[in-house]
Structures are given as C-alpha cells and as structure tokens.
Amino acid sequence: MKQYNTDTEKMEKSEDYKPTYIHEQHNNNCQQFFGPISNCTFMMPAATPSSKQKPKVVKPKAKTDRKSSGKPMTLKYYTHGKNGVLMRQRKMVHQVFKMWKRWGWIDEQTAIEDFDAFFEGVPKHCNITWTGSNTTILTIMLQKLLKQSYFEVQTGCAARSLVEQQFGKTANFDRTRLDNDMEEKINITLFVLDPQNYDLIFHNSDDLSKVEDIQDAAIQEILAGHLRSTKGI
C-alpha cells in the first residue's frame with residue numbers, strides 16, 4: 001500500500017496517536033494505524049469458505065469383519081457340491097447318531113435333521129440335548145474332532161464354545177474323569193467319521209436307505225485290526 005501523506009513518517013515515529021487501550025496486536029490479518037490517514041486505498045481479504053462452514057466429520061470405515069449372527073457354531077464336516085462324497089459323509093454321521101443314542105449321550109427326542117445340522121459348519125441352534133454322564137466326554141471328544149483333518153478349521157469354533165453355546169453345558173477338560181469305556185467310545189466316534197474308514201465299515205455301500213446300525217463290537221474289532229476290509233461285519 002502506498003502512502004501519500006507527507007506527515008505520515010512523522011506520525012509513525014510518534015507515540016502520541018496510539019490509543020491507550022491498544023497494547024498489542026493479535027490479529028495477523030489486520031493492520032493498525034495510529035493517526036489520521038488520507039489518500040489510501042484499503043483492500044479487505046475475502047472471507048475464506050472454511051470460516052463459515054463446520055468442519056467435516058470423518059466417519060470411521062465400516063469394519064469388514066462378519067458380524068456375529070448370535071447363533072452358536074457348528075462343525076464343518078459336510079462337503080457340498082460332490083454328491084458321492086456328501087452321501088458317504090451323511091452315512092457316517094447317521095451311524096454316529098445311532099451310536100450316541102444307544103450310548104445315552106443324546107436324548108431320544110433329538111431329530112436326525114438337527115444332528116445333521118451340527119455338521120454343516122453354519123451357525124445354528126441344533127437343539128441337541130447332551131445326556132451323557134458328564135460333560136468331560138463331550139468336551140474332550142469335540143476337542144479331538146476339531147484336530148482331525150476331515151474337519152475344516154473355522155475361526156471362533158472351539159471345544160469350549162461348542163459345549164457352552166451349542167449344548168448349554170460347562171466345558172470340562174479334566175481327562176481323569178474319563179474311564180476306559182468313555183475313551184473307547186470317543187475313539188470309535190472319530191474312527192467312524194474318518195472318510196478313510198468308510199469301506200471298512202460300510203463295504204462301499206452307497207445306498208443310505210439300506211444302512212443298518214453297525215454294532216459297537218464290530219467296530220471295535222475293526223479298530224483292533226482283527227477284521228479285513230473285505231470281510232463282512
């Protein structure tokens with residue numbers, strides 16, 4: 001800005017024109033003048049848009065993690081898309097269903113459809129009532145099943161959560177509460193569900209309607225290695 005008043009320089013050097021109420025300047029966008037001013041052109045800066053607008057609120061990005069459905073997990077065992085494989089898997093699961101009922105591990109009101117659902121790997125309440133003598137059997141058995149290669153690993157699917165959320169029981173990992181009979185029945189369950197043992201147990205029969213309940217003694221003999229895969233049960 002150009003100053004044309006010849007007395008301006010004198011006035012800038014004088015403190016007589018400075019108002020007593022002004023001690024210091026805090027506004028960097030303004031200039032204070034102490035004295036009369038003439039022949040000057042003043043340009044005021046335009047107000048910045050941000051001075052009149054509220055700051056934008058940055059919303060946090062939505063989490064990509066799948067929200068919990070609120071339903072308990074199930075075991076991922078069935079393989080859909082391969083009818084032959086799925087048929088065999090169902091046959092093995094149905095054999096376990098019969099054994100668990102015979103052993104008194106699940107109640108008689110448990111439906112085969114609900115038992116099937118427990119092996120789908122989809123969160124769901126399966127309405128299976130555990131009636132075994134203690135929850136250690138269920139806890140240890142599920143713990144062993146989840147370690148088998150024929151079960152797919154799933155995040156959040158653990159023996160403790162299955163026992164507590166799916167069956168409504170308190171998990172117990174105290175193996176001293178298992179006797180030899182309980183241990184043997186757990187091993188039979190694992191053996192029957194193993195796809196590699198299908199031919200030994202069912203003789204490669206894919207007709208589900210003709211499947212009879214394989215008795216424990218026959219499976220125990222296979223486990224002990226006393227029966228060959230070609231010998232009838």
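Listed by first and then second residue, the pairs linking a residue in region 85-114 that is free of Cβ contacts under 8 Å to residues at least 12 places away in the same chain to a residue that is part of a helix (DSSP H, G or I), with Cβ atoms under 7 Å apart and 6 or more places separating them unless they lie on different chains, are E108/K101.
Looking at region 99-110, which of its residues are part of a loop (DSSP other than H, G, I, E, B) and crowded, with 18+ Cβ neighbours inside 10 Å? Walk me through it before giving the result.
Pass one, region 99-110, residues part of a loop (DSSP other than H, G, I, E, B): 103-105, 107-110.
Those that are part of a loop (DSSP other than H, G, I, E, B) and crowded, with 18+ Cβ neighbours inside 10 Å: W103, W105, T110.
Those helices (runs of 4 or more DSSP H) of region 111-194 in which at least 2 residues are within 25 Å of the chain's Cα centre (by Cα) and surrounded by 14 or more Cβ atoms within 10 Å (Cβ to Cβ), considering only elements entirely within it, cover 112-117, 135-145. Residue count for region 54-81 satisfying the condition of being modelled with pLDDT of 85 or more and either assigned to a loop (DSSP other than H, G, I, E, B) or more than 23 Å from I201 (Cβ to Cβ) (or both): 10.
The values are calculated or read from the model by the stated rules, or taken from the named source; none is laboratory data. Please read all numbers here as calculations on a predicted model, not as lab measurements. In this analysis, Cβ positions are derived from the backbone assuming ideal geometry, glycine residues included, and neighbour counts consider all displayed protein chains.
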